[in-house]
Amino acid sequence: MEKVLDVENVSISFIQYTQGLNQRELKVITDLTLDVSEGEILAVLGSSGSGKSLLAHAIFGILPENANLNGKISYKGKELSQEDKEELRGKEIALIPQSVNFLDPLMKISDQAIGHIDSKEEKAEKKIKQREIFEHYNLGPDVDEMYPFQLSGGMARRVLVSTALLSDPKLVVADEPTPGLDEKTVEETLNHFRHMKEDGVGVLLITHDIHAALEVADRIGIFYSGYVIEIAKAEDFSGDGENLLHPYTKSLYKALPANGFELVKGHQPLHGEIQEGCPYYSRCEMRFERCKNERPQLRDMGDKKIRCFKYEEGE
């Protein structure tokens, strides 16, 4: 399968003013590497506030002006410039945003789904396609004339998904699509992603909901303090977690109520608290001396990736 997204060694930081006019560089994402193939769902799983949504903003070229972006983001083998991102977004690359507040409260649903089109002929064609997709997601003709406040939460979520698919995207980035939804609507939303996968679309699912990630993803990237520390297959999250590699991933799995609710002391370092070495050093029970001052690289382990010195040659 062709890769539709390749993120290589991406780092995102911000310049902050501290006391007086002193500045410091706040690193939020560091050395992030992952890829998504056509017809695949990759979930990036991390705690709320960890900065993972900045990955979506970087892909679409909508980072704040004070952000510093380094590394490579490629689409179908081509490294994207800012101009490329602006050209592709909303077309071959589509965003399903975190909040239904992205819907314009002053526009009818059909008008904002189609967008501004001057040509009457093109607008008529887009309207036909919009109606076909809306019908696929059980949104009847009456929805077209509604305003966002008239929609239920589930309907609004379906509108966002449908609108994202109007341009026949090859890559869909879903940024925290399930918070605040009831169980039925969550399952409905996940089914949308399954349909996209069946249609050959690559899906990057950014979430803090491990249950949603395990339900729908092919692979799961574990995000910790601005780093992807492991990319595992979804089926590795089974049994006693014996197929998981990183100690944090294992502890995350064992902390689930169904697996004994085993907790690990300490907390995930905040941005600016991370030391020179491994970000998991203070909580790790199998750490080496070198972990304190050296940072492991993301290493290929067949169809998995791991950032841990335990799996370095010679360890």
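Values quoted throughout were computed directly from the atomic coordinates according to the rules given, and no laboratory measurement underlies them. The shown structure was predicted, so the numbers you read here are calculated from the model rather than taken from an experiment. Don't worry about glycine lacking a Cβ; one is built from the backbone with ideal geometry, like all the others, and counts go over all protein chains shown.
Say we join alpha carbon atoms closer than 10 Å with springs in a Gaussian network model of the chain; which of Val264, Val216, Val44 then has the biggest fluctuation?
Residue with maximal mean-square fluctuation among Val264, Val216, Val44: Val264.
Given a Förster distance of 35 angstrom, what is the FRET efficiency for Asp218 paired with Lys292, based on the Cβ-Cβ distance and rounded to 0.05?
Once the sixth-power term is evaluated, E becomes 0.50.
Pick from Lys85, Lys108, Lys265 the residue whose mean-square fluctuation is largest in a GNM of the chain, springs joining Cα atoms under 10 Å.
Most flexible of the set in this elastic network: Lys265.
Could you check which residue among Val203, Val186, Val36 shows the biggest mean-square fluctuation in a GNM of the chain with a 10 Å Cα cutoff?
Checking each option, the largest mean-square fluctuation is seen for Val186.
When only C-alpha pairs under 8 Å and at least 6 residues apart count, what is the relative contact order of region 100-166, in percent?
Taking the mean separation of contacting Cα pairs over the length of region 100-166, I get 49 percent.
Express as a percent, rounded to the nearest 5, the fraction of DSSP beta bridges in region 172-315 (both residues included) that run antiparallel.
Of all bridge pairs located within region 172-315, approximately 75 percent are antiparallel.
So which lysines can Lys184 reach, going by Cα to Cα under 22 Å and dropping same-chain residues fewer than 8 places off?
Partners within reach: Lys197.
If I model a spin label at Lys120 and Val100 as a point 7 Å from the Cα along the Cα→Cβ vector, what separation in nanometres do I get?
A separation of 3.5 nm, rounded to one decimal place.
In this model, which of Lys72/Lys250; Lys3/Lys72; Lys85/Lys170; Lys265/Lys292; Lys250/Lys304; Lys91/Lys127 are farther than 21 Å apart at the alpha-carbon?
Cα-Cα > 21 Å for Lys72/Lys250; rest within.
Given a cut-off of under 8 Å on Cα pairs at least six residues apart, what relative contact order in percent is computed for region 169-315?
Dividing the mean separation by the residue count of region 169-315 yields 17 percent.
Which FRET efficiency, nearest 0.05, do Asn70 and Glu235 yield, Cβ-Cβ r, R0 25 Å?
With a Förster radius of 25 Å, E is 0.15.
Ranking request for peptides 248-259, 24-35: highest mean number of other beta-carbon atoms within 10 Å first, then the rest in descending order.
Descending packing order for the listed peptides: 24-35, 248-259.
Using 0.36 nm per residue, how much length does the chain from Lys91 to Asp142 gain when fully extended, once their Cα-Cα distance is taken away?
15.8 nm
So how far apart, in nm, are the two label points at Lys78 and Leu26 if each is 7 Å from Cα heading toward Cβ?
Going by the 7 Å Cα→Cβ label model, 3.6 nm.
Return the percentage of antiparallel bridges among DSSP beta bridges fully within the chain, rounded to the nearest 5 %.
60 percent
Taking the Cα centre of region 48-202 as the origin and placing charges on Cβ (Lys, Arg +1; Asp, Glu -1), which of Gly180, Ala67, Ala124 is farthest toward the positive end of the dipole?
Ala67
Quote the relative contact order of the chain in percent (integer), defining contacts as alpha-carbon pairs under 8 Å separated by 6+ residues.
20 percent.
How far apart, in nanometres, would the label points at Asn191 and Ala258 be if each is projected 7 angstrom from Cα along the Cα-to-Cβ direction?
Here the modelled spin labels are 2.0 nm apart.
Taking the dipole about the Cα centre of the chain, with the C-beta of Lys and Arg at +1 and of Asp and Glu at -1, give me whichever of Gln16, Gly77, Phe309 is farthest to the positive side.
The one lying farthest along the dipole's positive direction is Gln16.
On a full-extension model of 0.36 nm per residue, what is the gain between Lys3 and Arg299, subtracting their alpha-carbon distance, rounded to one decimal in nm?
104.7 nm
Could you rank the peptides 72-78, 169-175, 152-158, 118-124 by their average count of other C-beta atoms within 10 Å per residue, with the highest value first?
169-175, 152-158, 72-78, 118-124
Give me the distance between the Cα centres of region 156-195 and region 278-292, rounded to whole Å.
Answer, in whole Å: 38.
Restricting things to alpha carbons, find the Rg to Rh ratio for region 100-166 using the Kirkwood radius for Rh.
0.94
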